[in-house]
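One structure below.
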Amino acid sequence: MRRVPLLLRLQLHRHCRSSSSSTETLPLYSFLQPSIFGNRKQQSNPTSGDLRSARQQRLKALSSELKSTLETTLHKAILTGDTDAAWKSFKTLTSYSDFPSKSLTNALITHLSSLTDTHNLKRAFASTVYLIEKHPDLVDFGSVITLLTSMKSVDAPVPAFALIKSMFKNRFFVPYGLWGNLLVEISRKSGHFVSFLRVFEEVCRIALDEKLECMKPDLIACNAALEGCSRYLESVTDADKVVETMSLLGIRPDESSFASLGYLYALKGLEEKISELENLMVGFGLTDKGVFYSNLISGHVKVGNLISATVTILHCLKEGNGVGASIGEETYSEVVEGFLKNGSIEELSSLIIESQKLETAATATDRSIGYGLINACVTLGQLDKAHSILDGIIILGGSVGLGVYVPILKAYSKEHRTAEATQLVMDITNSGLHLDSGSYDILIEASMSSQDFQSAFALFRNMRDARVQDLKGSYLTMMTGLMENQRPELMAAFLDEVVEDPRIEVGTHDWNSIIHAFCKAGRLEDARRTFRRMVFLHFEPNCQTYLSLINGYVTAEKYFNVLMLWNEVKRQVSAEACTGIKFDHNLVDAFLYAMVKGGFFDAVMQVVEKAQETKVFVDKWRYKQAFMETHKKLKVNKLRKRNVRKMEALVAFKNWVAALGVVTRNQAGQVLAGGGEATSCSIPLEAEALTITGGVMLARAQG
């Protein structure tokens, strides 16, 4: 009964071969016949005598001169990139059953393959197959590899396998090492493992029967074949044949070989064979069983054997002495999907509890079974289910390891569920576990980006209470986030809270940031309080501190406050060596402009004196303009009667500004009581002019 279908198959196979030789060849090579590209009218079918006569005429017509011309045209077309012209020349040559030289032939194949568009790849494929059949000596191995590489890049597995089969059929044996790995990659990319398996069987037969060492496949090919048998064919018989072939070829299996067999045996429920595999791995000295166990688990899960999957996971831990299981992320995802599909959240919780009993303290957080399962759950978009598994562990009375918490925390952070993340952190610390600084950094950054400042503060306090040593990153994240969100009052409160923590390096620049933010927001009283607090805690103000305050006061036209600042700064400038305040141009300019606007000319001249001592350049014209903008209606007579000292300061300011040395055409010069030499300062003719002679007087100069 079994022979009948076999004979039928053989007869059908023979019939297909005989018919294909006559029908498949025509479509494959018909592109080489110029007639199919022309718009010729249909004619009656020629007789066999007519065909022979036409063929003889074409053969006779192709002289050596014409062949040379066609080859020259072909060569030039390839060099200039004229693909259609090159192809036309090649077709013309082959239509006369002639061929270009070997170098031109391979140049054409390489050129067509390099274009990687479907049309020209078809040309490259058809011409290569045609040449392999008609004149294989013309084809270089390198041209075949170039063509296969292009087929891989455009994901064209079918012509790639057809090309290899054509090579075998015509005994054109390109060494396996040149093309084997390319075909494996094409198979993996496209999933054509069954096709690869047939190629593998044929190349092994050739290597063994023909005793051709160059055709012997390597371990990569054997593992790809085993993968095809296990994952796609799911055939124990075919897999056993591959193993037998490996033995005949003298190829030693590795971890991947056993992994594919383990998957297949788990799929089929062959527990005895799985035990044999484990013993064989020991015999071959293979100690890394992570891939093997991952495949075992995948096989069990695929057929819904969750009990065996659980047993294998725990067995894997025991094999590793509880240090951590080398199970892949994909396998964890398969396990989680399998359990959730059956509504087995409680079983997942139980599995994590049992695994934690076997894991040791040396197990890294991200290598624990709990981490792998919860992380897979999160990756699959089942965050709430992940939290349900966590709750299930607690309900069952199990202890929750840090590896269970971390993936959920990261997911909350990514989804900006910062309040829930903060509560989970509190649960973690209450259970006696501690997060590392990196985890806190991620959570705090997420809270700040969500403007959840309450959670950020709570996390930072928890971080400090947990005695985490590295606080710098989170501290900077907090300060930067509060600054960007324009919350100086929170910055001040935060800084006041952490200023005495030795793990945090608080500097003058931190206080400056708060003062600047307050001034920018017009909250000058808060800025002043922050400044006093800064000084009280013995942080030395610098130029930037005073510049922020001055600019804030000037914007609010509170020039007296600037005067108070100057009284403080001038004492520090006098003791510059002790305080380190640099009396630079920016600070001089800010003080001068503010106090000229405020009319504090005595202080103006003090600043000028300090500037001269420290050799700081001063732009006098800027302050002359400031004076004219603010004090052009000044009543000099009243000022002289009321405050002589202010008059003297005003005179001094005039003399300093007058050093510009330009005199107006209509300058006013009168000598008041007491006389004296007239001195003046220049103002543009259309502006208000100030002329002071002996005493002080204000006049107008109009052009």
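The values are calculated or read from the model by the stated rules, or taken from the named source; none is laboratory data. The model shown is predicted, which means the values in this text are computed figures rather than measured ones. So basically every Cβ, Gly included, is an ideal-geometry build from the backbone, and we count neighbours across all protein chains shown. Accessible surface is based on the protein model in full, side chains and every heavy atom, while ligands, DNA and RNA are left aside. Shrake-Rupley method; radii C 1.70, N 1.55, O 1.52, S 1.80 Å.
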At 1.4 Å probe radius, can you tell me the per residue accessible area of region 337-445 in Å²?
46
When the Karplus curve 6.51 cos²θ - 1.76 cosθ + 1.60 is applied with θ = phi - 60°, which whole-Hz ³J(HN,Hα) does each residue of region 435-445 get, with x for Gly and Pro?
7, 8, 4, x, 5, 4, 4, 4, 5, 5, 5
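How do the peptides 241-251, 275-285 rank, highest first, by the average count of neighbouring beta carbon atoms within 10 Å per residue? Write out the running numbers ahead of the final one.
On the way: 241-251: 15.6, 275-285: 13.3.
Ranking, from highest mean packing down: 241-251, 275-285.
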Distance from region 57-135 to region 236-283 (C-alpha centre basis), Å:
49
Need the list of lysines near LYS520 for cross-linking: C-alpha distance under 17 angstrom, and skip anything on the same chain fewer than eight residues off.
LYS558
Given a 1.4 Å probe, how much area per residue of region 474-625 is accessible, in Å²?
48
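Which of rounded, prolate or oblate describes region 214-324 when judged by the alpha-carbon gyration tensor and an a/c cut-off of 1.5? List each step's numbers first, then the result.
Numbers: a/c = 2.31, a/b = 1.46, b/c = 1.58.
Oblate, because a/c is 1.5 or more while a/b does not exceed b/c.
Can you give me the Rg/Rh ratio for region 251-293, using Cα atoms for both radii and the Kirkwood formula for Rh? Spell out each step's value before the answer.
Values: Rg = 9.6 Å, Rh = 10.2 Å.
For region 251-293, the value is 0.93.
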Per the C-alpha gyration tensor (a ≥ b ≥ c, the square roots of its eigenvalues), region 536-623 is rounded if a/c is under 1.5, else prolate if a/b beats b/c, else oblate; here it's oblate
Spatially proximal lysines relative to LYS216 (Cα-Cα < 30 Å; intrachain offsets below 8 disregarded)
LYS102, LYS122, LYS134, LYS152, LYS165, LYS169, LYS189, LYS241, LYS273, LYS289
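For region 166-231, what is the accessible area per residue in Å², given a 1.4 Å probe and the full set of protein chains?
Spelled out: the 1.4 Å probe surface of region 166-231, per residue, equals 41 Å².
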If the reach is capped at under 20 angstrom between alpha carbons, list the lysines near LYS654, excluding any in the same chain fewer than eight residues apart.
LYS597, LYS610, LYS620, LYS624, LYS632, LYS633, LYS635, LYS638, LYS641, LYS646
For region 270-278, Karplus couplings with θ = phi - 60° (6.51, -1.76, 1.60), whole Hz, Gly/Pro x:
8, 5, 5, 5, 5, 4, 4, 4, 4
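What is region 278-398 by shape, rounded, prolate or oblate, if you read a ≥ b ≥ c off the alpha carbon gyration tensor as root eigenvalues and call it rounded for a/c under 1.5, prolate for a/b larger than b/c, and oblate otherwise?
Numbers: a/c = 1.96, a/b = 1.45, b/c = 1.36.
The shape class here is prolate.
In whole percent, what relative contact order does region 229-302 give with Cα contacts below 8 Å and a gap of six or more residues? Numbers along the way, then the final one.
Details: 70 pairs, mean separation 27.1, N = 74.
RCO, region 229-302: 37 percent.
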For region 351-357, Karplus couplings with θ = phi - 60° (6.51, -1.76, 1.60), whole Hz, Gly/Pro x:
4, 5, 4, 5, 5, 5, 5
Ranking TYR232, TYR130, TYR440 from most to least accessible area with a 1.4 Å probe gives TYR232, TYR130, TYR440
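What dipole magnitude, in Debye to the nearest 20, does region 301-365 give about its Cα centre under +1 on Lys/Arg Cβ and -1 on Asp/Glu Cβ? Walk me through the intermediate numbers first.
Details: 4 positive and 9 negative charges, 28 e Å.
Dipole of region 301-365, to the nearest 20 debye: 140 debye.
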